[in-house]
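Single-structure report; data block below.
Each reported figure results from applying straightforward, stated rules to the coordinates on display, with no laboratory input. The shown structure was predicted, so the numbers you read here are calculated from the model rather than taken from an experiment. All Cβ positions, glycine included, derive from the backbone under ideal geometry; neighbour counts span all protein chains shown.
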Amino acid sequence: MHYKSLPYTIFTTCNYIFLGLLGILCIAPLVHILAVSFSGQAAANANLVGLIPIEFTADAWGKTLGNDSFLRSLWNGVLRTILGTLISMFCLVCAAYSLSKEDHEFKGRKFYVAFFVFIMLFNGGLIPTYILVQNLGLINTIWALVLPSAINVFNLILLLNFFRTGVPKTLEEAAFMDGANHFRILLSVYLPISLPAMATIGLFTMVGQWNSWFDGLIYLTDANKYPLSTFLQTIIVQQDFSQMNVNPDEVKNLSERTVKSAQIFIGAIPILMVYPFLQKYFVKGMVLGSVKE
Amino acid sequence: MASNVSIKTDSTVAKKLPTEPIVVKQKWNLKRNWPLHVLMLPAIILALIFNYAPLPGITMAFMDFKPYLGFAESEWAGLDQFRRMIQFEDSRQVIWNTLIIASLKILFHIIIPIVFALLLNEVRKMAFKRTIQTFVYLPHFLSWVILGGIMLDMLSVDGGIVNIMLGKLFGTEPIFFLGDGDWFRFTVIASDVWKDFGFGAVIFLAALSGINPDLYEAATIDGANRWHQVLFITLPSLLPITVVVATLALGNILNAGFDQIFNLYNPLVYEKGDIIDTYVYRMGLLGGEFSFATAVGLFKSIVGMILIVTSYRLAYKFAGYRIF
């Protein structure tokens, strides 16, 4: 398939240049924000910064990391991500194990499948859900963030397809012969074999929990409990300081362009950290989850 | 001779087999299977509480719900809320905005990833290919809060880097990307495509790598050049997966992207940028119009559900696609 014709060479060259530019376009905004965050205030305010910091200083990062409300929300975000991922993964792995059985092996499976398909298709909507969370007394607690988001049917489907394609049936049968029950098989056969798959879904869940901001905005009334995403939404996007108990000096600090950029970039850091692992697996996961033979 | 014999044995075996498929009678078999039901419990309980328990609350849409009266005391209003929704200038505009923004997003989310996948497929240097992929998948995983914060800074009229660059390159006046209705729609669609085209291309790249290389070889022998091969082999091979993606996307025709719009819009662009989800939030949780907002939300849920069921049926019919 090697072509040396002139038109094809021209096309290839243009193609490489075009794709290269496209790739740069996709990360340029993040690089720009990083550059602004490390630039001097004067340079940032005079709009001189492109993709490289000007008058390099870590001043903005110092101010950001020295700010109590920022640190508190960072901690809240981490806590929410860990707790949410653990709860969600526990529920999904257990359910996916059962649902990975065939209809004839597991009577009642059809009912359970219908139960979960329904919640994928239809939901009560914003206001009935809000009133329910309120009636349960969860407003202003971390549980309002981690419990309603725990059951993600899409992840459930991915997991159960991993279980179906990744674990040889014969292993399971052998374990049964040796007297293991379903709990034991899940723990000693399924989990070790599906570790990479579970890591993938776990990372997806973590990203979802970390990025989630709207639930914090509506279910939390005390801004001290905001996770970082909600904090950033309020401070940077809405520029609403009324909820925050910060003094005027802090407001001035937090709304400087360089400090804002540092806050945004810190919000993206956890994603950047898990991204290499994510990328390794999600292509496989997407294809496996969407194409069923 | 040998083959004749084997055919004979096969047919005799076939005769002995029962003609009807063996039906395994389903049994609860609780002695062995009770753990399976126990394992379902955590997920079932959470779903019952947070996904099923809110459903009765939908009756609010047929009431004139007052929080201080509660469900028992609030008056029934029949279909009044839905009538208001259809008569209100605002809500009609909002439904229209949602349809326009969502359908343009769907269209470009199919075209751009296909073109990108085709171009990337022509790249022979694996290191280059992998680097580009790493870059273009990244924005998909960043939240609209982060991206919204970045865009507010970069697209700002005074001092946003985009307007400065446009001014230097083309000498244009600063553009109100997020303050003018039409530009807002453009910005929303363009940035959404920017965020997700790479991720959307994954499925097409997988389909491209599944094409049998023999086809290209045969075409080369028949004198087809690269362009002919794309036109007569690659594109037709992508058709089935394109049909699936397009049909499934239909279910999203009322999802114009709450996260994105909420983080980018402002009162200046409500007229052209407000969508059903943001409207429900403002009317309901901020404005206290619980019943009206629930009715609008219910309208969206029902239309959405009908579309999803229909599109999955169609995808199954056309391409044999199913998920569970």
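Listing for the model above:
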{"item": "GNM flexibility winner over chain A from A:Lys110, A:Lys225, A:Lys63 (Cα, springs under 10 Å)", "result": "A:Lys110"}
{"item": "Inter-site label distance for B:Arg282 and B:Glu217 at 7 Å from Cα along Cβ, in nm", "result": "6.2"}
{"item": "Against the rule of thumb 2.2 N^0.38 Å, how large the Cα Rg of region B:118-184 comes out", "result": "1.51"}
{"item": "Convex hull per residue volume in Å³, alpha carbons only, for region A:38-90", "result": "109"}
{"item": "Chain A: mean projected area of Cα convex hull, nm²", "result": "22.8"}
{"item": "Cα→Cβ-extended label distance, 7 Å offset, between B:Leu41 and B:Met165, nm", "result": "5.7"}
{"item": "Over chain B, relative contact order from alpha-carbon pairs under 8 Å, at least 6 apart, %", "result": "25"}
{"item": "Cα gyration tensor, region B:213-267 - rounded (a/c under 1.5), prolate or oblate", "result": "prolate"}
{"item": "Note, ³J(HN,Hα) from phi for region A:251-263, Karplus 6.51, -1.76, 1.60, rounded to Hz, x at Gly and Pro", "result": "4, 4, 4, 5, 9, 5, 4, 5, 5, 4, 4, 4, 4"}
{"item": "Area projected by the alpha carbon convex hull of chain B, averaged over all directions, nm²", "result": "30.4"}
{"item": "Long pairs among B:Lys195/B:Lys317; B:Lys272/B:Lys300; A:Lys110/B:Lys300; A:Lys225/B:Lys272, criterion Cα-Cα beyond 23 Å", "result": "B:Lys195/B:Lys317; A:Lys110/B:Lys300; A:Lys225/B:Lys272"}
{"item": "Selected from B:Leu138, B:Leu155, B:Leu48 as most flexible by GNM, with chain B as the system and alpha-carbon contacts under 10 Å", "result": "B:Leu48"}
{"item": "Region A:81-136 versus region B:178-238: alpha-carbon centroid distance in Å", "result": "35"}
{"item": "Between region B:97-143 and region A:214-257, the alpha-carbon center distance in angstrom", "result": "33"}
{"item": "Calculated from backbone phi, Karplus (6.51, -1.76, 1.60) coupling profile of region A:200-217 in Hz, x at Gly/Pro", "result": "4, 5, x, 5, 4, 5, 4, 4, x, 5, 4, 6, 6, 10, 5, 4, x, 5"}
{"item": "Cα-derived Rg to Rh of region A:72-194, Kirkwood definition", "result": "1.06"}
{"item": "Stokes-Einstein translational diffusion, region A:6-57 - Kirkwood Rh over all Cα pairs, 1.002 mPa s, 20 °C, in µm²/s", "result": "169"}
{"item": "Estimated 222 nm signal from helices in chain B, with DSSP H stretches of n ≥ 4 weighted -39500 (n - 2.57), rounded to 500", "result": "-21500 deg cm²/dmol"}
{"item": "Calculated FRET value between A:Ile82 and A:Asp222, using beta carbons and R₀ = 22 Å, to 0.05", "result": "0.60"}
{"item": "Gyration tensor (alpha-carbon) shape descriptor, the protein assembly as shown, a/c threshold 1.5", "result": "oblate"}
